[in-house]
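Nothing in this text is a laboratory measurement; each read-out follows from the coordinates by a stated rule. Here the structure is a predicted model, which means the values were calculated and not measured. We place every Cβ from the backbone using ideal geometry, glycine too, and count neighbours over all the protein chains shown.
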Amino acid sequence: MTRRFWLMKSEPNCFSFENLMHDNPDHTSCWDGVRNYQARNLLRDELHVGDGVLFYHSNIKEPAIVGIARVVRAGYPDHTALDPRSDHFDPRATDTKPIWYMVDVQGVVPLPFPLTRVMLSQHPVLSKMDVLRRGNRLSVQAVAEQEWLTVSEIAGLNREQGE
DNA sequence: GCCAACGTTGGC
DNA sequence: GCCAACGTTGGC
């Protein structure tokens, strides 16, 4: 299986890259609460251990890619859908038909500076990224290898961090 | 199956 | 705060 690359959006007021790096053992957290079928399908079927993740902060003054992460556990049922006390509870979900899935993500390294939407949109390669498309609300989206490499380069990541 | 109404996302 | 874009719901 070739390695693939993804961008995952999060509202930093809710869960930031800093939260991932500092509030979790081994910088690793489950990515729960996704309640969109298209994103669910990606989480369940397409994200694999070792895939690269661009961590994007949305819904703030300067939305930006702020860090690098990786998938450390492939899709498995999102148990928060079964928990009536959870904000993400879904009464339709059951043990045998969980409906919703999540992955585990591990923070690798913050970017040396936030790669803002403005910077992305001004870049010859990155201006084509899905995340810039007007009206795109998908919280998990594919990133082209060339885009990944370009971000790595801009961020000055070494080989180990980029991998 | 159509589609209007509604709620949410998220940039600006 | 505004509002466009989108996904979901539910009446018919």
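Mind ranking A:48-55, A:12-19 by how tightly packed they are, going by the mean number of other C-beta atoms within 10 angstrom, highest first?
In descending order of packing, they fall as A:48-55, A:12-19.
Over chain A, with a Gaussian network built from C-alpha contacts below 10 Å, which listed residue (A:His88, A:His123, A:His57) shows the highest mean-square fluctuation? Result: A:His123 has the largest fluctuation of those listed.
Using just its DSSP H runs of length 4 or more, each adding -39500 (n - 2.57), chain A gives a mean residue ellipticity at 222 nm of -4500 deg cm²/dmol after division by all residues. Remark on A:Val108: its backbone amide H falls under 5 Å from those of A:Ile68, A:Ala69, A:Arg70, a criterion applied only to residues 5 or more positions apart or on other chains, H modelled at 1.01 Å from N.
The ellipsoid that matches the Cα gyration tensor of segment A:1-158 has semi-axes, each √(5λ) in whole angstrom, of 26, 16, 16, with the longest given first. Our estimate of slack between A:Glu46 and A:Ser127, defined as 0.36 nm per intervening residue step minus the Cα-Cα distance, is 26.8 nm. Proximity of backbone amide H atoms, modeled 1.01 Å from N, is registered between A:Trp6 and A:Gly52, A:Val53, A:Leu54, A:Val143 at under 5 Å, excluding neighbours fewer than 5 places apart on the same chain. Report, ordered by chain and residue number, the lysines lying within cross-link reach of A:Lys61, taken as a straight Cα distance under 19 Å and ignoring same-chain residues fewer than 8 apart. Answer for A:Lys61, where 19 Å is the Cα cut-off: A:Lys9, listed by chain and number. Please give the helix A:145-154 orientation as an angle from the longest Cα principal axis of chain A, in degrees from 0 to 90, rounded to the nearest 10. In chain A, helix A:145-154 runs at an angle near 60 degrees to the longest axis.
Distance between the C-alpha centres of segment A:1-59 and segment A:122-140: 17 Å, rounded to the whole angstrom. P(r) tail for segment A:89-163, what percent of Cα pairs lie past 21 Å? Here the long-distance tail beyond 21 Å is 44 percent of all Cα pairs in segment A:89-163.
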